[in-house]
Amino acid sequence: MILTDQQILAEIGKGTIVIEPYDPGCLGTNSYDVHLGRYLATYRDAVLDARRHNEIDTFELDAAEGYVLQPGQLYLGVTAEYTETHATVPFLEGKSSVGRLGIDIHATAGKGDVGFCNHWTLEISVSVPVRVYPGMPIGQLIYFAVQGDVATFYNRKPSAKYNRRSDRPVESMMWQNTF
């Protein structure tokens, strides 16, 4: 079941959904709009290796000039909003207006976990050059009800790799897995 606007507000009131900063104008019928943060990052190496730490270069977007994203380049972005979800499963989806500009905001990681507490790292790619700006609407969070008890919340999971709070994009931590 997807939460409606009233249910999202009720969860915010209970503290089981946290959105900072919160803007009532961003609450949709059954979603909450999130915005592109101030930072983007790109990987340093042309070839990424799943078994090693692939480092990134992070840069700040100019609010007036924006930044032109190029096809064939993976960008890591971040939401301006910090979120916490303690009783529902959050899904991040792109806004239709963003998709119509040829921007994909996530490759595979659109689902969060109960207990996720952070800014969302975006895996951005574009089909044509597109100028983007910090603060522009970039996606929407949709919340799904959970059935049953949760044994281990993400923010309490010892093996969770993305628990450190950051308003900057976070690179892949695949290298921390054993394989």
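Rule-based calculations on the coordinates, nothing more; no lab input. Since this is a predicted model, take the numbers as computed values, not measurements. As a convention, Cβ positions derive from the backbone with ideal geometry for all residues, glycine included, and neighbour counts pool all protein chains shown.
Need a quick list: strands (runs of 3 or more DSSP E) entirely within the range 1-86 having at least 1 residues that are free of Cβ contacts under 8 Å to residues at least 24 places away in the same chain.
Where strands (runs of 3 or more DSSP E) fall fully within the range 1-86 and carry at least 1 residues being free of Cβ contacts under 8 Å to residues at least 24 places away in the same chain, they are 56-60.
Within the range 8-30, count every residue that is in contact with a Phe, Trp or Tyr (Cβ under 8 Å, 6 or more places away or on another chain) and either buried (at least 16 other Cβ atoms within 10 Å of the Cβ) or over 28 Å from GLU60 (Cβ atoms) (or both). Give the steps one after another, and end with the answer.
Residues of the range 8-30 that are in contact with a Phe, Trp or Tyr (Cβ under 8 Å, 6 or more places away or on another chain), as a first pass: 8, 11-12, 17-20, 26.
With either buried (at least 16 other Cβ atoms within 10 Å of the Cβ) or over 28 Å from GLU60 (Cβ atoms) (or both) added as a condition, the list becomes 8, 11-12, 17, 19, 26.
Summing the residues that are in contact with a Phe, Trp or Tyr (Cβ under 8 Å, 6 or more places away or on another chain) and either buried (at least 16 other Cβ atoms within 10 Å of the Cβ) or over 28 Å from GLU60 (Cβ atoms) (or both) in the range 8-30 gives 6.
For the range 87-115, how many residues are part of a loop (DSSP other than H, G, I, E, B) and free of Cβ contacts under 8 Å to residues at least 40 places away in the same chain?
Residues meeting the conditions: 9.
Going by the structure shown, is GLY102 surrounded by fewer than 19 Cβ atoms within 10 Å (Cβ to Cβ) and out of contact with any Lys or Arg (no Cβ under 6 Å at 6 or more places or on another chain)?
So GLY102 passes the test.
Is it the case that some residue within the range 124-132 is touching a residue at least 60 places away in the same chain (Cβ under 8 Å), within 21 Å of TYR43 (Cα to Cα) and surrounded by fewer than 17 Cβ atoms within 10 Å (Cβ to Cβ)?
First pass over the range 124-132, keeping only residues touching a residue at least 60 places away in the same chain (Cβ under 8 Å): 124, 129-132.
If we keep only those that are within 21 Å of TYR43 (Cα to Cα) as well, we get 124, 129-132.
Narrowing further to those that are surrounded by fewer than 17 Cβ atoms within 10 Å (Cβ to Cβ): 129, 131.
Among the residues of the range 124-132, at least one is touching a residue at least 60 places away in the same chain (Cβ under 8 Å), within 21 Å of TYR43 (Cα to Cα) and surrounded by fewer than 17 Cβ atoms within 10 Å (Cβ to Cβ), which makes the answer yes.
Of all residues in the range 120-142, which are small (Gly, Ala, Ser) and within 13 Å of ASP104 (Cα to Cα)?
Hits for the range 120-142 are SER125, SER127, GLY139.
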